[in-house]
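S.K.: Below is a structure I'd like to ask you about.
The values are calculated or read from the model by the stated rules, or taken from the named source; none is laboratory data. Everything numeric in this text was worked out from a predicted model, so none of it was measured. Neighbour counts are summed over all protein chains in view; Cβ atoms, including those assigned to glycine, are modelled from backbone coordinates with ideal geometry. To get the accessible areas, we keep the full protein, side chains included, count just its heavy atoms, and leave off ligands, DNA and RNA. Shrake-Rupley method; radii C 1.70, N 1.55, O 1.52, S 1.80 Å.
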Amino acid sequence: FILLVEQVRSASRLLAVADRAAALGKPLIIAKLGRSEAAKRGALSHTGSMTGAEFAYDAVFRHAGIIRAEDQDELLDIAAAFTSCPLPRGRNVGVVTISGGVGVWLADVCEKHGLKVPELKSGLQEQLRAFIPDYGGVTNPVDITAQAMEQGGNIGAIELLYDSPQTDAVAVVASMAEAKMVLADKSEIARIQARQEKPLLYYSYTLPSEDALSHLVDAGVQCYTSLQGCARALESLADYSAFLELRAAD
């Protein structure tokens, strides 16, 4: 559920709704307005509502498992991940990329959001090295290179990371400017995504074409156009998974 909120008039009712949603495994994603003094003045003049103390809202949201989004883009980025991905078992992300630099950049942003991009164990590295040239990378991020991609290395790397217990989610970095590559991999991407064992997301470092996005949508996979959006979505999935685990234990 997505909500846009200026003020919560009844905390007990909100907590009751949040508890019911958690029992059903349905996340509440809220964009709460009014952090700044200027925003509070604007809300008061617009609706007559006091927006309240933000630290209190943050604390209550965390306690209730409510996910807070900062703006409409983040709201939709988070919601998109929940509509297509199962919850991860942990915070380890495997990154597959054809652009080593952007893969490193995504790894940086993931770790900034409390995720981990762990070095893969030697056995998995050896499996990847079977089709990735020496000038590619197999440690994580996995840089498959253009040569390996043309020989089916993209799907090979995605599936190896998806199958591995060393990763809890897989993020694929690619250019979606043209639909040719996505079309070639579409059926395999859909097959992997249909397993619903861990999150699988794409990040395009170029403006994606409508056809490329359409092919990914058909395969059931979300494509992000910002590093922050992709990492924030993965973070929200991991946070909610941890919340449900703690709730079940308590």
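S.K.: Hey, what angle do you get for helix 11-24 against the long axis of the chain, alpha-carbon based, 0 to 90 degrees rounded to 10?
M.R.: Result, in degrees: 30.
S.K.: Relative to the longest principal axis of the C-alpha atoms of the chain, give the angle of the C-alpha long axis of helix 72-84, reported between 0 and 90° and rounded to the nearest 10°.
M.R.: Compared with the principal axis, the helix lies near 60 degrees.
S.K.: Hey, quick one: spin label on ALA23, modelled 7 Å out along Cα-Cβ, who in the stretch 229-250 has an amide N within reach, i.e. under 17 Å?
M.R.: 244-245, 247-250
S.K.: Keeping all protein chains in position, work out how much accessible area PHE1 exposes to a 1.4 Å probe, and write it in Å² to the nearest 10.
M.R.: 140 Å²
S.K.: Fully extended, how many nm does the chain gain between SER122 and LEU76 (0.36 nm per residue separation, minus their Cα-Cα distance)?
M.R.: Length difference between fully extended and current span is 12.8 nm.
S.K.: Taking a probe of 1.4 angstrom, what is the accessible area of ARG91 in Å², to the nearest 10?
M.R.: 80 Å²
S.K.: In whole Å, how far is the Cα centre of the stretch 4-34 from that of the stretch 122-186?
M.R.: 39 Å
S.K.: Same structure, new question: Probe radius 1.4 Å, ligands and nucleic acids ignored: give me the carbon and sulfur share of the accessible area of the chain as a rounded percent.
M.R.: It is 54 percent, rounded to a whole number.
S.K.: Provide the net charge surrounding VAL138, with neighbours chosen by a C-beta distance below 13 Å and charges set as Lys +1, Arg +1, Asp -1, Glu -1.
M.R.: Its environment carries a net charge of -2.
S.K.: In percent, what relative contact order does the chain have, based on Cα pairs under 8 Å that are 6 or more apart in sequence?
M.R.: In percent, rounded to a whole number, it is 21.
S.K.: According to the Cα gyration tensor, what semi-axes, each the square root of 5 times an eigenvalue, does the equivalent ellipsoid of the stretch 49-146 have, listed from largest to smallest in whole Å?
M.R.: Each semi-axis is the square root of five times an eigenvalue, giving 37, 14, 12 Å.
S.K.: Quick check: the angle from helix 153-163's long axis to the longest principal axis of the chain, C-alpha only, nearest 10 degrees?
M.R.: That works out to roughly 50 degrees.
S.K.: So for LYS186, LYS26, LYS121, LYS198, what's the accessible-area order with a 1.4 Å probe, most first?
M.R.: LYS121, LYS26, LYS186, LYS198
S.K.: For VAL142, what residues show an amide H to amide H distance below 5 Å, using hydrogens built from the backbone and excluding near sequence neighbours?
M.R.: VAL95, VAL96, THR97
S.K.: Another question, then. First select every other residue whose beta carbon is under 13 angstrom from the beta carbon of SER209; then total the charges, Lys and Arg +1, Asp and Glu -1.
M.R.: Residues near SER209 contribute -2 overall.
S.K.: Structure shown: which of LYS26/LYS186; LYS32/LYS180; LYS121/LYS180; LYS26/LYS116 lie over 31 Å apart, alpha-carbon to alpha-carbon?
M.R.: Long pairs (Cα-Cα over 31 Å): LYS32/LYS180; LYS121/LYS180.
S.K.: Moving to a separate point now. log₁₀ I(q)/I(0) of the stretch 148-250 at q = 0.19, 0.20, 0.24 Å⁻¹, via Debye over equal Cα point scatterers, no solvent, to two decimals?
M.R.: Summing over Cα pairs of the stretch 148-250 leads to -0.97, -1.06, -1.41.
S.K.: Let me ask something else about it. List, in order, the whole-Hz ³J(HN,Hα) value for each residue of the stretch 196-206 obtained from phi through the Karplus relation with A = 6.51, B = -1.76, C = 1.60 and θ = phi - 60°; use x for Gly and Pro.
M.R.: So the J values, rounded to whole Hz, are 6, 9, 7, x, 10, 10, 10, 10, 9, 8, 10.
S.K.: In addition: Under 25 °C and 0.890 mPa s, how fast does the chain diffuse according to Stokes-Einstein, given a Kirkwood radius computed over C-alpha pairs? Answer in µm²/s, whole number.
M.R.: The calculation lands on 127 µm²/s.
S.K.: In addition: What accessible area per residue comes out for the chain, rounded to a whole number of Å², with a 1.4 Å probe?
M.R.: That works out to 50 Å² per residue.
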